[in-house]
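Single-structure report; data block below.
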Amino acid sequence: MNIKTKRFLLPENEIPEQWYNVQADMVNKPLPILHPGTRKPLTPEDLYPIFNEACSQQELNQTDSWIPIPEEVRDMYKYYRPTPLVRAYELEKALDTPAHIYFKNESVSPVGSHKLNSAIAQAYFCKQEGITNITTETGAGQWGAAMSYAAKAFGLELAVYMVKVSYQQKPYRRSIMQTFGAQVTASPSMSTRAGKDILTADPNCSGSLGCAISEAIELAQATPHCKYVLGSVLSHVSLHQTVIGLEAEKQMAMAGEYPDEVIACFGGGSNFSGITFPFMRHKIDGSHKETRFIAAEPASCPKMTRGKFEYDFGDESGYTPLLPMYTLGHNFQPANIHAGGLRYHGAGTIVSQLLKDKMMEAVDIPQLETFKAATLFARTEGIIPAPESSHAIAATIREALKCKEEGKSKVILFNLSGHGLIDMTAYDMYLAGDLINYSIPDETIEKYLKEVEPLNK
Ligand SMILES: *Cc1c(COP(=O)(O)O)cnc(C)c1O
């Protein structure tokens, strides 16, 4: 009898002992991050006032390919790692595709997304350095939820600025954070100068990640023994997420396959980096030159497909250093799509360099296509995906249907970055026909990018 294996499970002792730092192996390193005042390349010490020291060093480390994962962090990873790798037979059948589709299921973490992989690490390093309070921002609430749990686990006090539109759309994510003991404020708020400035200019502002970041950094700088933590975009966050791809690499070997394409949704790039960088190292060393890496971003926030490679701020008020990245401009205001975690104006510096060097590709996907893909995935594989992850599913379906057209089989691996059980309002609206696609005219994109030009003079 031919019993097909659907789930590929690694034993607990196969949790990676090191994170993979792709920066060390890249042929063209990311351009330096610049101090906004002096325009000099940033040193780790420049980051110490905002971030913990370990993460500041990881951020700028371009020499060590492997960075040890502290034992305490690995112990907490064991609560939910290794996560399963699953062959999506039922989805393949529904699409009638010759492609082999696999997904790495990061939705099984206690908070329902990949975000915990970095939250645990960042909370650990803060604790090690005697920090007592941390601040952060959250879009859809996934990062806030992960950080709230991780902060509590390491005995840290956490204040979260939650983008106002998500605060209203996703009240249960707020309750989750509060249940873990975090203090949650809707952003923009009147509690910071950055928030006040934005609300004064536009009292109805529904918020953005860029604005929430400004508020969180401001509070961290005004509070003793307090640091700021970020859940995406930065290189140390991507580093922590590489446990996803390192496990997936071993699991694909168990399945006797190697991916032709690796796909992930893209907000600031952490889950994309996490699943792709370990495979990218084999493209860099020439052993798997042909592997394609595809980032799936929303058509309403298309920084990689329609943005420009420029120096820009990571936040709306210009508190962060200048980052060399694909950006839509730090004042870009994305539409209120339900994939809140993808509403960010820029891409991380590593991924931006990789895209520039054509080591990877990006596609943008309209909102309705993502929900159609999500619904098919739910009905075939039994998991309701996060609206963010649905972008990866939609991109995977496009590729699988191409295989069918061309009569070619391919191995496609995508990252299921989270489940959507707290996003049912969005599904309700989709099922009722109340969701729409947003398209952005070129003039709008040009307008916001114009505001970035002076930074690059
Ligand atoms: C936050 C989030 C994302 C987007 O963030 P990245 O850093 O681009 O990975 C994607 N999926 C889920 C489920 C998220 O919570």
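A few points about this structure:
- Candidates are the residues of region 139-166 that are among the aromatic types (Phe, Trp, Tyr) and crowded, with 23+ Cβ neighbours inside 10 Å; the one that is farthest from the ligand (Cβ to nearest atom) is TYR161.
- The residues of region 89-105 that are in contact with a helix residue (DSSP H, G or I) (Cβ under 6 Å, 6 or more places away or on another chain) and either under 16 Å from ILE244 (Cβ atoms) or within 16 Å of the ligand (Cβ to nearest atom) (or both) amount to a single one, LYS104.
- Taking the criterion of being among the charged types (D, E, K, R), within 14 Å of SER235 (Cα to Cα) and buried (at least 17 other Cβ atoms within 10 Å of the Cβ), the only residue of region 54-83 that qualifies is GLU59.
- If you go through region 387-416 and keep only what is part of a loop (DSSP other than H, G, I, E, B) and in contact with a helix residue (DSSP H, G or I) (Cβ under 7 Å, 6 or more places away or on another chain), you end up with PRO387, GLU388, SER409, LYS410.
- Members of region 360-373 found to be away from the ligand (no atom under 16 Å from the Cβ) and either in a strand (DSSP E or B) or in contact with a strand residue (DSSP E or B) (Cβ under 7 Å, 6 or more places away or on another chain) (or both), listed by number: none
- Tally of residues being touching a residue at least 40 places away in the same chain (Cβ under 8 Å), out of contact with any Leu (no Cβ under 7 Å at 6 or more places or on another chain) and in a helix (DSSP H, G or I) across region 238-251: 8
- When TYR258 is tested against (1) in contact with a His (Cβ under 8 Å, 6 or more places away or on another chain); (2) within 30 Å of ASN133 (Cβ to Cβ); (3) more than 13 Å from the ligand (Cβ to nearest atom), just one condition goes unmet, and that condition is (2).
- Residue match in region 380-395 (condition: in the same structural domain as THR276 (by TED's automatic domain parsing), under 18 Å from GLU297 (Cβ atoms) and more than 12 Å from the ligand (Cβ to nearest atom)): yes
- Test: residue in region 343-357 that is outside any helix (DSSP H, G or I), near the ligand (Cβ under 9 Å from one of its atoms) and under 19 Å from TYR89 (Cβ atoms): no
- Subset of region 319-365 (residues that are in contact with a helix residue (DSSP H, G or I) (Cβ under 8 Å, 6 or more places away or on another chain) and either acidic (Asp, Glu) or outside the structural domain of ALA426 (by TED's automatic domain parsing) (or both)): GLU361, ASP364
- For MET252, the conditions (1) farther than 13 Å from PHE103 by Cβ; (2) more than 16 Å from the ligand (Cβ to nearest atom) all hold with the exception of (1).
- Across region 231-246, not a single residue is classified as surrounded by 15 or more Cβ atoms within 10 Å (Cβ to Cβ), touching a helix residue (DSSP H, G or I) at 6+ places or on another chain (Cβ under 7 Å) and over 23 Å from GLY112 (Cα atoms).
- When VAL363 is tested against (1) farther than 28 Å from ARG87 by Cβ; (2) over 15 Å from the mean Cα position of the chain (by Cα), exactly one condition is not met: (1).
- From the options LEU431, LEU421, LEU416, LEU376, residue that is within 27 Å of GLY112 (Cα to Cα), within 16 Å of the ligand (Cβ to nearest atom) and surrounded by fewer than 20 Cβ atoms within 10 Å (Cβ to Cβ): LEU421
- Taking every residue in region 417-433 that is closer than 14 Å to GLN169 by Cα and in a helix (DSSP H, G or I) and pairing it with any residue that is modelled with pLDDT under 95 and within 13 Å of the ligand (Cβ to nearest atom), at least 6 positions away or on another chain, the pairs with Cβ-Cβ distances below 6 Å are ALA426/HIS338.
- Residue tally, condition among the charged types (D, E, K, R) and either under 30 Å from LEU246 (Cβ atoms) or within 22 Å of the chain's Cα centre (by Cα) (or both), over region 408-457: 3
The values are calculated or read from the model by the stated rules, or taken from the named source; none is laboratory data. Every value quoted in this text rests on a predicted model; they were computed, and no experiment measured them. All Cβ positions, even for glycine, are placed from backbone atoms using ideal geometry, and neighbour counts span all protein chains on display.
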